[in-house]
Amino acid sequence: LLALKPEQLAAEKAFAASLRIEPDNARRLWVMGEALQRQNKLDEAIKHLEAALAISPDIAEACGTLGMAYAQQKKFAQAEKHLRRHVELEPISPHALANLGNVLFEMRRPEQAATFLQQALRYDPAYAPAHMALFQAFLLSGKPNEAIQALREARNALPHVPLLTFRLAWLLATSSRAELQNPQEALQLAGKLYENRAPNADELTLVAAAHAALGDFAQATTHARNALALAQARGDGAAVQRIEAQLRLYESGRPYQ
């Protein structure tokens with residue numbers, strides 16, 4: 001849970017007191033709802049935000065916060081309703097558009113999600129949450145070429161986010177479509193991830209996958225074994241199982257796709 005600073009707690013108590021005096025004040029209900037949502041007190045937050053919107057249906061921020069509170073509860077139909085209302089009220093807000101896109105992605109409607117995420121990036125080309133979700137929406141839509149292009153654009157906009165470099169390299173190394181594979185570029189990108197330090201287990205699995213895509217299974221096996229040792233040392237059971245499965249492929253002369 002988010003820890004509130006003393007001044008934030010004091011402000012929350014002041015709002016609660018004012019609500020007892022003016023229980024129908026929409027703005028106060030909205031602010032209290034946002035404070036409760038930040039503390040992950042979702043049922044109470046939703047109660048306050050619903051009450052605020054019952055009084056003043058056009059408080060855009062309240063619609064957005066209510067939608068995200070429902071999304072945190074996995075109540076995506078309710079979340080979509082309120083986030084669509086947020087977009088109606090603030091149609092050029094990257095925040096509103098990306099939140100709706102993310103909820104549509106969670107609802108397994110990736111093409112609709114991509115539409116809203118792309119809109120968010122038109123209004124703010126460096127809006128990180130939209131970049132982080134757009135390539136995944138394309139992948140879920142069965143559009144790996146578009147996913148790779150989205151990742152390239154994301155890296156240009158956010159050059160200091162290593163996860164984007166990793167994801168791009170992984171797709172280039174492991175795509176099952178030959179026209180999308182570029183294992184040499186994947187190796188170059190992997191090297192940029194650990195220029196000034198030793199690679200971690202995830203980075204070694206990437207290097208192993210790229211070597212396997214190039215047909216160099218001896219190198220792939222070596223790097224996968226090193227990755228496995230690091231995963232075992234950190235007690236990461238899920239990573240160990242994943243790397244062991246990849247290692248078996250490389251030992252039998254097959255790439256991971």
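The values are calculated or read from the model by the stated rules, or taken from the named source; none is laboratory data. Remember, it's a predicted structure, so these values are computed and weren't measured experimentally. Positions of Cβ are backbone-derived with ideal geometry, glycine not excepted, and every protein chain shown enters the neighbour counts. Surface areas here come from the heavy atoms of the whole protein model, side chains and all, with no ligands, DNA or RNA. Shrake-Rupley method; radii C 1.70, N 1.55, O 1.52, S 1.80 Å.
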Original post:
Using a Gaussian network model of the chain with C-alpha springs under 10 Å, which one of A54, A150, A98 is most mobile by mean-square fluctuation?
Top reply: A54
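Mind putting a number on the dipole of region 41-189 about its Cα centre? Charges go on the C-beta only, +1 for Lys and Arg and -1 for Asp and Glu, and I need it in Debye to the nearest 20.
Values: 15 positive and 15 negative charges, 71 e Å.
It comes to approximately 340 debye.
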Original post:
By the scheme Lys and Arg +1, Asp and Glu -1, what is the net charge of all other residues having a beta-carbon under 14 Å from that of Q78?
Top reply: +2
**OP:** On a 0 to 90° scale, report how tilted helix 26-38 is relative to the longest principal axis of the chain, with both axes built from alpha carbons and the result rounded to the nearest 10.
**Re:** 30 degrees
Subject >> Net +/- balance of residues flanking L42 in space, Cβ distance below 13 Å, scoring K and R +1, D and E -1 >> reply: +1
Original post:
Nearest 10 degrees, 0 to 90: what angle lies between the long axis of helix 201-213 and the longest principal axis of the chain (Cα atoms)?
Top reply: 50 degrees
Subject >> Probe 1.4 Å, protein heavy atoms only - accessible area per residue of the chain in square angstrom >> reply: 52 Å²
Subject >> With Cα atoms, 0 to 90° folded angle of helix 94-106 axis to the chain main axis >> reply: 60 degrees
Original post:
Once Lys and Arg get +1 and Asp and Glu get -1 on their Cβ, which of A218, Q73, P125 lies farthest toward the positive end of the dipole of the chain?
Top reply: A218
**OP:** With label points built 7 Å along Cα→Cβ from the Cα atoms of D43 and N200, find their separation and express it in nm.
**Re:** 3.7 nm
Original post:
In the chain, with Lys and Arg counted as +1 and Asp and Glu as -1 at Cβ, which of these residues, H86, A209, L249, has the Cα nearest the positive end of the dipole, that is, farthest along it?
Top reply: L249
Subject >> Share of carbon and sulfur in the accessible heavy-atom surface of the chain [1.4 Å probe, %] >> reply: 52 percent
**OP:** Measure up K47/K75; K143/K192; K41/K75; K81/K143; K47/K74 against 19 Å on the Cα-Cα distance and list the ones that go over.
**Re:** K143/K192; K81/K143
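What does the charge count around A224 come to, taking other residues whose C-beta lies under 10 Å from its C-beta (Lys +1, Arg +1, Asp -1, Glu -1)? Could you put the intermediate results ahead of the total?
Numbers: positive: R225, R248; negative: E244, E251.
Residues close to A224 contribute a combined charge of 0.
Helix-only estimate, please: 222 nm mean residue ellipticity of the chain, summing -39500 (n - 2.57) across DSSP H runs of length 4 or more and dividing by its residues, to the nearest 500.
Working: 14 runs with 193 residues, N = 257.
Result for the chain: -24000 deg cm²/dmol, rounded to the nearest 500.
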Subject >> Positive-end extreme of charge dipole, the chain - chosen from I55, N196, F116 (charges on Cβ) >> reply: N196
**OP:** Under a 10 Å cutoff between Cα atoms, tell me which one of A208, A178, A239 has the largest fluctuation in the Gaussian network model of the chain.
**Re:** A178
**OP:** Would you mind pulling out the separation of the Cα centroids of region 159-215 and region 224-257, in Å?
**Re:** 15 Å
Original post:
Distance in nm between label sites at N145 and T115, each 7 Å beyond Cα in the beta-carbon direction?
Top reply: 2.2 nm
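For the chain, what is the charge dipole size about the Cα centre, in debye to the nearest 20, if Lys and Arg each add +1 at the Cβ and Asp and Glu each add -1 at the Cβ? Please list the in-between numbers first.
Numbers: 28 positive and 27 negative charges, 70 e Å.
Taking the Cα centre of the chain as origin, the dipole is about 340 debye.
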Subject >> Total charge dipole magnitude, region 45-103, about the Cα centre, Cβ charges on Lys, Arg, Asp, Glu only, Debye to nearest 20 >> reply: 280 debye
